[in-house]
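Bear in mind that the values in this text are calculations on the coordinates, not laboratory data. Predicted model only: the values in this text are computed from it and were never measured. Cβ placement follows ideal geometry from the backbone for every residue including glycine, while neighbour counts extend to all protein chains displayed.
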Amino acid sequence: MKTKTTTADIAHSPALSAPIPAATPASLTPSNSFVPLPITVFDYVIILCPNAGYQQGSFEEYGEDGLYIGGQARMQAAVDLYHNPQVTVRAFIVVGGGIDTDAATLWAKTDNMRQFLMQNGIPGDIVTCVASTPDTRGNFRAVWITCRKLLQGKTVGVLSNSYHLPRAMLIATDAQFDWRGAELFPLEAEAYMTSTASIPPDHNPAVVGRLALERQGFVDWQNGTYTKQHAPISQWQGEVQYPKAQAIQTPRHDTSPSSI
């Protein structure tokens, strides 16, 4: 009996041409085995917010509660993925919490992410910034209301840390999202980093505690008790800054019935 659904399991699935199904709670069992997907071309890679705070020029590896976040690892994985000669990433979408703040900090998290990518050899004109509420659910809702037309029919990677991806994909593949033919694939940051020396071991209390929270979030979503899980689309929030080369005519809050 398997204790973890890894990207290797997904790679051998006959349904590779279909959106990846949500993982199971067993996927939240720690494992040091990280295997890249066999897919080598991504039209877009969505980088889920790596920071709880606003540290300019850096990303949190541990939160104020002492639990593992892996923000720096997540962003380094994006850089390593882009420069991987066996992988093609055509564009990135960076998404981060900020929509519930004042104008001065609305884009603080995503600007930090974009600047890091640019400083590491990724052209700024392939990076779209999306401001959301500061949570995984809000990340996906913001991307959906601002970028779903951009993603229609595309191959899309969802990049995050291994501990986070099962819950993230459970949310992303929920029936409330119609991605209009886009195929979403989970990308484990640890599978694409050129060095995982900074990743703490599974038995580290900071990792164990993080996994406990992830399990609870996973179960809450399955049970329909996740915070604001059933909020109507009219309450979803998102702002977007498109690179000039990719600008499209989608209003920032395009949630009218005719456009959904």
- Task: Please list 175-186, 120-131, 159-170 highest first by mean number of surrounding beta-carbon atoms within 10 Å per residue.
- Result: 159-170, 120-131, 175-186
- Note on the structure: Treating only Lys and Arg (+1) and Asp and Glu (-1) as charged, each at its beta carbon, one finds that segment 39-228 has a dipole about its Cα centre, in Debye to the nearest 20, of 520 debye
- Message: Shape verdict for segment 120-227, please, from the Cα gyration tensor: rounded (a/c under 1.5), prolate (a/b greater than b/c) or oblate.
- Response: oblate
- Query: Taking amide hydrogens as modeled 1.01 Å from N in the peptide plane, which residues meet the under 5 Å criterion relative to VAL127, leaving out close sequence neighbours?
  - Reply: PHE92
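Two decimals is fine: what's Rg over Rh for segment 52-206, C-alpha atoms, Kirkwood radius as Rh?
Computed over Cα atoms, the ratio is 0.94.
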- For segment 52-136, what does the alpha-carbon gyration tensor say about shape, rounded, prolate or oblate, given a ≥ b ≥ c as the root eigenvalues, a/c under 1.5 as rounded, and a/b over b/c as prolate? oblate
